[in-house]
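Structure first, then comments.
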Amino acid sequence: MNFTKIEHLGIAVKDLTEANALYEKLLGVPHYKTEEVLSEGVLTSFFKCGESKIELLAATNKESPIAKFIEKKGEGIHHIAFAVEDIESETERLKNEGFVVLNEVPKRGADNKLVVFLHPKSTNGVLVELCQEIK
Ligand code: ZN
């Protein structure tokens, strides 16, 4: 099995402090970590939701992909992340299937993960993230 579960949903938010308070109320649990991903210009916050997680993403600068996303589409679901067991072979497989891979070399994402993104134009408008736990 290659895709094992929906690891998390990424949600773009304007104000992380306000969104944290809202999602704490919604999910009934506090966020368990906040992490900055410098290379992406984002501050992230994670909530557990059973087997899956919610990742809130706020921009830390105007050039951040999250700032651009919110400018274009407003706040909301930004990406779906699937857990994979072998990110390199999955990336190769999906490339061969014709999906547009944004970064062929897995990069370090938040929450101790290696991540690869697929361009939304090849996945019905949804930014797809593959992620593999760093052991
Ligand atoms: Zn993510």
Since Thr91 meets every condition but one in (1) over 24 Å from Asn20 (Cα atoms); (2) within 15 Å of the ligand (Cβ to nearest atom); (3) at pLDDT 95 or above, which condition does it not meet?
-> (2)
Kindly check whether there is at least one residue in the stretch 66-73 that is within 13 Å of the ligand (Cβ to nearest atom) and in contact with a strand residue (DSSP E or B) (Cβ under 7 Å, 6 or more places away or on another chain).
-> yes
Flagged in the stretch 89-135 as assigned to a loop (DSSP other than H, G, I, E, B) and touching a strand residue (DSSP E or B) at 6+ places or on another chain (Cβ under 7 Å), in numbering order, are Phe99, Val100, Leu102, Asn103, Pro106, Ala110, Asp111, Asn112, Val126, Leu127, Ile134
How many of the residues in the stretch 51-73 are closer than 18 Å to Ala110 by Cβ and among the basic types (Lys, Arg)?
-> 1
Only residues that are more than 22 Å from Pro106 (Cα to Cα) and part of a strand (DSSP E or B): list them for the stretch 35-50, please.
-> Phe47, Lys48, Cys49
In the stretch 94-135, what residues are among the basic types (Lys, Arg) and within 13 Å of the ligand (Cβ to nearest atom)?
-> Lys107, Arg108, Lys113
Within the stretch 98-106, is there a residue that is out of contact with any helix residue (DSSP H, G or I) (no Cβ under 6 Å at 6 or more places or on another chain) and within 21 Å of Ile6 (Cβ to Cβ)?
-> yes
Being over 16 Å from the mean Cα position of the chain (by Cα), modelled with pLDDT under 95 and part of a loop (DSSP other than H, G, I, E, B), is that true of even one residue in the stretch 3-26?
-> no
Find all pairs meeting these conditions: Cβ atoms under 7 angstrom apart; at least six residues apart or on different chains; first residue within the stretch 49-63 and over 15 Å from Asp15 (Cβ atoms); second residue polar (S, T, N, Q) and within 16 Å of the ligand (Cβ to nearest atom).
-> Glu55/Thr44
Does Lys53 satisfy the condition of being not aromatic (Phe, Trp, Tyr) and not in a strand (DSSP E or B)?
-> no
Which residues, taken from the stretch 62-88, are among the aliphatic types (A, V, I, L, M), surrounded by fewer than 19 Cβ atoms within 10 Å (Cβ to Cβ) and not in a strand (DSSP E or B)?
-> Ala67
Pairs returned, first residue in the stretch 80-100 that is touching a residue at least 12 places away in the same chain (Cβ under 8 Å), second residue that is of a type in the set (Gly, Ala, Ser), beta-carbon separation under 8 angstrom, 6 or more apart or interchain, are Ile80/Gly10; Ala81/Gly10; Gly98/Ser122; Phe99/Ser122; Val100/Ser122
Pair list, Cβ under 6 Å, 6 or more apart: the stretch 3-22 residue touching a residue at least 24 places away in the same chain (Cβ under 8 Å), other residue part of a helix (DSSP H, G or I) = Ala12/Ile66; Ala12/Phe69; Ala12/Ile70; Val13/Ala19
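The values are calculated or read from the model by the stated rules, or taken from the named source; none is laboratory data. As the structure is a prediction and not an experimental result, all values here were calculated from the model. Glycine also receives a Cβ, built like all others from the backbone with ideal geometry; neighbour counts cover every protein chain displayed.
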